[in-house]
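The values are calculated or read from the model by the stated rules, or taken from the named source; none is laboratory data. For clarity, every value in this text was computed on a predicted model and none was experimentally measured. Reconstructed Cβ throughout: ideal geometry from the backbone, glycine too, with neighbour counts over all protein chains shown.
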Amino acid sequence: MAAEAEDSCDVAVIGAGISGLTAAALLSRAGLRVTVVESEAAIGGCIAGFQRKGFLFDTGIHWLNECGPDGFIHRLFSDLDPGYPKCRPLARIRRIKSASFDYLLTSEPDALRDRLCRDFPEAAGGVRSLFAIGRKIAESVHQLSRGLRCWETMSLLEYGLYGLRMGYWSLPLFRHVGVPAEKGLRLLFRDSPVKDVFASEEEMMGVLVPLGWAYAKNFQMPPAGGSRAFALWLQKRIEASGSRVLLRHRVAKVLLEGGVAAGVVLAGGRTLRSRFVLAACDVEALYERMLPPGAVPTDLLRRLHDADLYDSGFMVNMGLDCGAAALGFGEEMLTLFREDIPLSERVSGDPAKVNLCVMSSSVRDASVAPAGKGTLSIFCRARIDYMDHWRTGPGLERGPAYAAFKKEYADALIARVERVMSLRLREHIEALDIATPVTYWRYTGNRDGSIMGARPTMKNIKSKIAHFRTPVKNLLLAGHWADYGGGIPIAVKAAANTALLILKDTVPAAYQRLRVLMDGAGSGTPISSRSGTGST
């Protein structure tokens, strides 16, 4: 290891997920020496992907936003490298299917609106109102994507103007935040069965925002090679700038000197000194295991422990002996759910009742499967404490009971897809991989295997769960614990803000350039490599 790692850098990044890699790429492009430390053998975190029997499985993406020509991810990534992995528009977005109906949301959402009006004439007025709200939200989401910077990077005047602008564009959203979908749909449709079409969602925002994105044509599919192509490209940009990514290296603790972060100590005792430490990892693991007692206020630890988190997930990845299109699957995400049971049962974890998402990456990108073959993935929300922690042993130890139970659960999900789609799916399976919440916990380190960190609930917002600056000077957060929400857009946004905070104190020219990009005002001018930087 001594020959592999230098003793110092400007920024040590904990975690090589999409957020840690994005921050590292932005910082290293500005001339800072960055070392990314990752405990796993592969980069990417939730988007790492994996291969089985010639099939490449995409582990983290159902659909993408903000990766099109008008998106902020496009702005940031194309400024790093115009040749970054591009994403094609997604035309067929979401198919919603149950035992009694089958509808498709596309990039022309009025087509779905008109069909629903024909099929449910008694609720036509409510349907038109729902889609009109979605159209308004499209403009709001577009404008809000131009306000990416965190308040710590703004002057008092900027912050005031930003608040007014964001408040104005947020107005169409505020009235629906926190409203249960059942309540909102009943107000629009009364007793019409059309409300069942959208009943797979828990909150009205889950109904409206996809409509808004559809109107804004803000759905994209992952790049060729799957979403891990982003991670591989970012690693190349980091290394091309003279920085590095260390795999199979676990951070044991954050080094403090005089209460200030001064580097990290790796498992085994090696010390990597740095001016800043950027933690793109589980925040409770950081605060409770990597820092000494008393470094983080007890009240903050309590609030984090009580925070509302996104659930984990259960995923079945299958390699098929034929193309998925031959079995009736398209490029869209397929949502299967039962409208004959209440929502509480559809999110209970019971494999016979839980909502399912089914998707074929190979229909979108033939390169992920051998010629003439395909892939199919089934995903559902799941909790790590289900059925005695998936029948694991002490410390979530995986044994025969765990292996048998996850196979039984996967079989139940496959049977449901076969039944609803009227096909014999099992006869076509050549490769099979099953991931449980325990799997997500093992590979991401996130508490309870959460796939996206803290939810944007009023409880979390009031408790100030999301934060970029930690109680320890020069120790900052990125990733899903630094901002609310989930997916690649939020992870990239958090990374850009954390990088901006570091550049503000280190490379003024790069700080100004990134400010311009994040504000959506266009690209900055190139910065000469390593200008105005200093290493510790």
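Here are a few things to note about the model shown:
- Filtered residues of the stretch 462-496 (kept if buried (at least 24 other Cβ atoms within 10 Å of the Cβ), under 19 Å from ILE73 (Cβ atoms) and in contact with a Lys or Arg (Cβ under 8 Å, 6 or more places away or on another chain)): ASP483
- MET318, sole failed condition from (1) assigned to a strand (DSSP E or B); (2) touching a helix residue (DSSP H, G or I) at 6+ places or on another chain (Cβ under 6 Å); (3) of a type in the set (A, V, I, L, M): (2)
- For ILE451, the conditions (1) among the aliphatic types (A, V, I, L, M); (2) without any contact (Cβ under 8 Å) to a residue 60 or more places away in the chain; (3) part of a loop (DSSP other than H, G, I, E, B) all hold with the exception of (2).
- Cβ-Cβ distances below 6 Å connect the following pairs, each with a first residue in the stretch 104-119 that is more than 16 Å from ALA132 (Cβ to Cβ), a second residue that is part of a loop (DSSP other than H, G, I, E, B), and a separation of six or more residues or different chains: THR106/ALA91; SER107/ALA91; SER107/LYS217.
- Positions within the stretch 338-375 being of a type outside the set (Lys, Arg), part of a loop (DSSP other than H, G, I, E, B) and either in contact with a helix residue (DSSP H, G or I) (Cβ under 6 Å, 6 or more places away or on another chain) or crowded, with 21+ Cβ neighbours inside 10 Å (or both), in sequence order: GLU339, GLY349, PRO351, VAL354, ASN355, SER360, ASP365, ALA369
Quick grid of which residues meet (1) surrounded by fewer than 23 Cβ atoms within 10 Å (Cβ to Cβ); (2) farther than 26 Å from GLY83 by Cβ; (3) under 18 Å from the mean Cα position of the chain (by Cα):
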{"residue": "LEU187", "(1), (2), (3)": "yes, yes, no"}
{"residue": "ARG190", "(1), (2), (3)": "yes, yes, no"}
{"residue": "GLU202", "(1), (2), (3)": "yes, yes, no"}
{"residue": "MET205", "(1), (2), (3)": "yes, yes, yes"}
{"residue": "LEU208", "(1), (2), (3)": "no, yes, no"}
{"residue": "GLY212", "(1), (2), (3)": "no, yes, no"}
{"residue": "PHE219", "(1), (2), (3)": "no, no, yes"}
{"residue": "ALA224", "(1), (2), (3)": "yes, no, no"}
{"residue": "ALA231", "(1), (2), (3)": "no, no, yes"}
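- Residue within the stretch 66-82 that is in contact with a helix residue (DSSP H, G or I) (Cβ under 9 Å, 6 or more places away or on another chain), among the charged types (D, E, K, R) and farther than 28 Å from ASP10 by Cβ present: yes
- Being of a type in the set (A, V, I, L, M, F, W, C) and farther than 23 Å from ALA366 by Cα holds for only one residue in PHE72, PHE50, and it is PHE72.
- Residues of the stretch 474-500 satisfying the condition of being part of a helix (DSSP H, G or I), within 24 Å of LYS462 (Cβ to Cβ) and over 8 Å from the mean Cα position of the chain (by Cα): GLY479, TRP481, LYS493, ALA494, ASN497, THR498
- GLU331 vs. criteria surrounded by fewer than 23 Cβ atoms within 10 Å (Cβ to Cβ), touching a Pro at 6+ places or on another chain (Cβ under 9 Å) and in a loop (DSSP other than H, G, I, E, B): no
- Of all residues in the stretch 267-282, those satisfying the criterion of being crowded, with 16+ Cβ neighbours inside 10 Å and hydrophobic (A, V, I, L, M, F, W, C) are LEU272, PHE276, VAL277, LEU278, ALA279, ALA280, CYS281.
- Single match in ALA252, ALA307 (criterion: outside any helix (DSSP H, G or I) and modelled with pLDDT of 95 or more): ALA252
- Here THR436 meets each of (1) out of contact with any helix residue (DSSP H, G or I) (no Cβ under 7 Å at 6 or more places or on another chain); (2) over 26 Å from GLY178 (Cβ atoms) with one exception, condition (1).
- Selection status of ALA48, aliphatic (A, V, I, L, M) and either surrounded by fewer than 22 Cβ atoms within 10 Å (Cβ to Cβ) or at pLDDT 95 or above (or both): no
- Restricting the search to strands (runs of 3 or more DSSP E) fully inside the stretch 1-97 and requiring at least 1 residues that are touching a residue at least 40 places away in the same chain (Cβ under 8 Å) and aliphatic (A, V, I, L, M) gives 8-14, 34-37, 55-57, 92-97.
- Test result for ILE461, at pLDDT below 90 and more than 30 Å from VAL316 (Cβ to Cβ): yes
- Considering residues of the stretch 138-150 that are at pLDDT 80 or above and not acidic (Asp, Glu) only, the residue farthest from ALA214 (Cα to Cα): CYS150
- Subset of the stretch 8-26 (residues that are hydroxyl-bearing (Ser, Thr, Tyr) and over 22 Å from the mean Cα position of the chain (by Cα)): SER8
- Top-ranked residue in the stretch 310-342 [being under 27 Å from the mean Cα position of the chain (by Cα) and β-branched (Val, Ile, Thr); ranked as modelled with the highest pLDDT]: VAL316
- Restricting the stretch 242-266 to residues that are touching a residue at least 60 places away in the same chain (Cβ under 8 Å) and surrounded by fewer than 16 Cβ atoms within 10 Å (Cβ to Cβ), the residue that is farthest from ASP448 (Cα to Cα) is GLY242.
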